[in-house]
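Here the structure is laid out as structure tokens; the discussion comes afterwards.
Read-outs: derived from the displayed coordinates by stated rules, not from any lab. It should be emphasised that the depicted structure is a prediction, and the values quoted were computed from it without experimental measurement. Using ideal geometry, Cβ is built from the backbone for each residue, glycine included, and neighbour counts are taken over all protein chains shown.
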Amino acid sequence: MRRFKLFANPFAGPFAGVLGWLTLCLAVVTPFTAGIAHADGWQGMKGKIVISDAEFGTGYASDAQMVSAVRKQAKTVIKGDGGAWTMNLMVFLKEPAGTTSINIVYYDVSVKPRDQVNFSEVTVQASQRIVQVNGVAISKDLGFVKGHKYEVLATRLIGGKEKVYAKGVVTLK
């Protein structure tokens, strides 16, 4: 009759192969899943422009706190006073622009075809992925209309074509 010996080491014995592979898989996969579960602020928001009627803050303890605060502050409607509106933008570029400026372009999408109303140039660093633009003043004098919906784009002109890095939408009330 054959006797089985109890093993003190869980990786020894008949399950050595299975437990060894399981441990190896967990050791290899865990660092990658942690990165997915806690994606940085840019990764979770890239390609979006968040618009607010209040200035965005700075100095968040973590990317998760920043994303949470930005999402809470987001508005789809900005209320104005006498045909003037002030908005604040948090721009999460799809990729760094690779240059020192981008354009923030406003298209009126309440009319067909959409109509470019205005744009402004914003200075950035070539490797920058998140751009904060507080205190953007727009008005009816610049072509904006109360009640209209606007697509806000972060773009660059490359070879005469508009490359879009991020998008947002806002309605003016």
Practice item. Could you work out the relative contact order of the stretch 134-173, using alpha carbon pairs under 8 angstrom and six or more residues apart, expressed as a whole percent? Key: 39 percent
Practice item. Would you mind checking LYS48/LYS112; LYS94/LYS173; LYS140/LYS167 for any pair whose Cα atoms are more than 27 angstrom apart? Key: LYS94/LYS173
Review point. Stretched out fully, how many nm does the piece from SER139 to ARG71 gain, at 0.36 nm a residue minus the Cα gap?
Key: 21.9 nm
Revision key, fill the gap. Under the 7 Å Cα-to-Cβ spin-label approximation, LYS173 and SER127 lie apart by a distance in nanometres of 4.3 nm
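Within the set of other residues whose C-beta is less than 15 Å from the C-beta of LYS167, count the net charge using Lys and Arg as +1 and Asp and Glu as -1.
Numbers: positive: LYS46, LYS48, LYS94, ARG114, LYS149, ARG156, LYS163; negative: GLU95, ASP108, GLU151, GLU162.
With Lys, Arg at +1 and Asp, Glu at -1, the neighbours total +3.
Order of 165-173, 48-56, 139-147 by packing, highest average Cβ count within 10 Å first?
Working: 165-173: 19.2, 48-56: 17.6, 139-147: 13.0.
Result, highest mean first: 165-173, 48-56, 139-147.
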Point to revise | For the stretch 91-173, the fraction of alpha-carbon pairs in successive 10 Å shells from zero, as % | key: 17, 50, 28, 5
Exercise for review: Return SER127, SER101 ranked ascending by Cβ neighbour count within 10 Å, so the fewest neighbours appear first.
Suggested key: SER127, SER101
